[in-house]
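This report refers to the structure that appears directly beneath it.
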Amino acid sequence: MIKTNLFKASDAHEIVANAGRFYLLEYGKDISVTPETAGAAFFAAKMNVHKKQVIARLNNDGGVIVQAGAMQMMIGKLRAATNVNGAGDLMRKYVGSRVTGETAIKPRYEGAGLLVLEPTYRYILFENLADWDGSMVIEDGMFLACDDSVGMKVTARSSLSSAILGNEGLFNTALVGEGIAVLESPVPSEELVIVDLVKDEVKIDGNMAIAWSSTLDFTVERTTKTLVGSAASGEGLVNVYRGTGRVMIAPVARNKNITVPKAGK
């Protein structure tokens, strides 16, 4: 039997989100400070910069897969195993890790208890693959955890132009199946723009899309039909996502030429 205050709101932390077996514990303010660090901690909390921890509640009803090194505590009767099935599978995962930047071996946890992941200042997203028609492509470094009913595979760009000109790389990680994926986002969910397409398209000036449906065709194209027109418009090349599916965009994460207000204005 387990009793813990992890799920009990306190002056330090509270559960702020939940999806399936996953919970997000957020530390509203950092109270383990010194007089020298108190000011920085105060303003960090005012700017929504909080420590967060993901907790997975397991009850012998399946398992979870997490990023290597992300586990902090196993409370209860939990067991850990690798996601490798033989030498051939290890080689495939190793090759995939080399081209996507993800770790090759991700541990799987099962049993009955609580799995607590390491604290992070990054923003956490709980994504249900049902909202992505069972398959989504994510940017490198975003994966944190998922239900073990979610599979991971390497997906290649449909064209060389989309990889080279789109500044996205040749390969990405695709999450497929059913269940919840826990992702680390560069921006909070409130700043994300979600676009659902039905036989339509979205054009983005830069690599601001951090996740998109595998069903979408991703290309890099000119903003106008001619090079002269593109040069005159000042836009040049854009990333194009076309078809039916979803695109998740972080429009303020990688802004270029942003105007900084001058002091006193």
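Quick note: the coordinates plus some simple rules give every number you see, no bench work behind them. Just so you know, these numbers come straight off a predicted model, no measurement behind them. No Cβ is skipped: glycine too gets one built from the backbone with ideal geometry, and neighbour counts run over all protein chains shown.
A few comments on the model shown:
- Greater than 31 Å apart at Cα, pairs in 29/203; 46/203; 3/106; 3/51: 29/203; 46/203
- Environment charge at residue 123 (Cβ cut-off 11 Å; Lys +1, Arg +1, Asp -1, Glu -1): -2
- Summed residue charge, Cβ within 13 Å of residue 109's Cβ, Lys/Arg positive, Asp/Glu negative: +2
- For a straight C-alpha distance cut-off of 15 angstrom, the aspartates and glutamates reachable from residue 8 (same-chain residues fewer than eight places away being disregarded) are 26.
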